[in-house]
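The values are calculated or read from the model by the stated rules, or taken from the named source; none is laboratory data. Here the structure is a predicted model, which is why all the values come from computation and not from measurement. Cβ placement follows ideal geometry from the backbone for every residue including glycine, while neighbour counts extend to all protein chains displayed.
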Amino acid sequence: MSQVTNPTQPLSAIPNAFGGLIIQGSPNSPNRINGSIGSDEINLGSANDEAAGLGGDDIIFGLDGDDNLRGGEGNDLLFGGEGNDNVQGGSGNDIVYAGKGNDVVLGGDGNNLLLGNQGADTVIGGDNSDTVFGGKDGDLIVGGAGDDILSGDRGNDLLEGGTGNDLLLGGEGND
C-alpha cells in the first residue's frame, strides 16, 4: 500500500512489473510520497519534495528543489537533482547521486556508492564498505565503519576514514 500526499493536484500511481508502483508527482507543487513495499519508481517535480521508497529496490528522482529522499529497505537508486537535498540510502546496497546543490548524503547500512557531484556536499558512508566521491566543490567526506574508498575529486575537501581499512584519495585541490 502506498501513501501519496499532495494538497493541490492528484498524482498518478500505476502498477509496474516488479510488484511496486510508478508514481508521478506534481511537477510544480510540493509532494510528500511514501512508496509501496514493492520496487517503486518515484518521479518528483521542481518544488521542495519528500519521498520515501520503503520496501523493495526503489528508484527516486528528486529533480529541482530542496528535496528529502529516503531509500528505505532494498537496493535503491536515488537522484537528488538540483537544489540542496537531504538523501538517505537506507538498509540495502544503494547508489546515491546527489546532483547540484549543497547536499547532505547518508549512506546507511549496506555497501553503498555515494556521489556528491556539484556543490559543497556532506557525504557520510554507513556501517559497511562504501565508495564515496565528493565532486566538484569543497566537500566533507566521512567513511564510517567498514573498508571504504573515499575520493575528494576537485575542490578543497576534508576526508575522514573512520574505522576499518580505508583508502583516501584527495584529488585536485587542498585536501
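Just a few scattered comments:
- In the stretch 62-78, the qualifying residues are those that are surrounded by fewer than 21 Cβ atoms within 10 Å (Cβ to Cβ), modelled with pLDDT of 95 or more and not polar (S, T, N, Q), and the one that is farthest from N112 (Cα to Cα) is D66.
- Subset tally (residues that are surrounded by fewer than 21 Cβ atoms within 10 Å (Cβ to Cβ), assigned by TED's automatic domain parsing to the domain that holds G171 and over 18 Å from G155 (Cα atoms)) for the stretch 112-130: 3
- Criterion (farther than 16 Å from V123 by Cβ, polar (S, T, N, Q) and surrounded by fewer than 19 Cβ atoms within 10 Å (Cβ to Cβ)) met by exactly one of S36, S29: S29
- Selected residue (criterion: nearest to the chain's Cα centre (by Cα)) from residues of the stretch 86-101 that are closer than 12 Å to D57 by Cβ and surrounded by fewer than 24 Cβ atoms within 10 Å (Cβ to Cβ): I95
- Hey, S151 outside the structural domain of D57 (by TED's automatic domain parsing) and more than 20 Å from N68 (Cα to Cα) or not: yes
- All of (1) of a type in the set (D, E, K, R); (2) over 28 Å from N128 (Cβ atoms); (3) assigned by TED's automatic domain parsing to the domain that holds I141 hold for D103 with one exception: (2).
- Odd one out for A47 among (1) within 15 Å of G80 (Cα to Cα); (2) touching an Asp or Glu at 6+ places or on another chain (Cβ under 7 Å); (3) modelled with pLDDT under 95: (2)
- Residue tally, condition part of a strand (DSSP E or B) and either surrounded by 18 or more Cβ atoms within 10 Å (Cβ to Cβ) or not β-branched (V, I, T) (or both), over the stretch 149-175: 8
- The selection criterion, being among the polar types (S, T, N, Q), assigned to a loop (DSSP other than H, G, I, E, B) and closer than 20 Å to G116 by Cβ, holds for N84.
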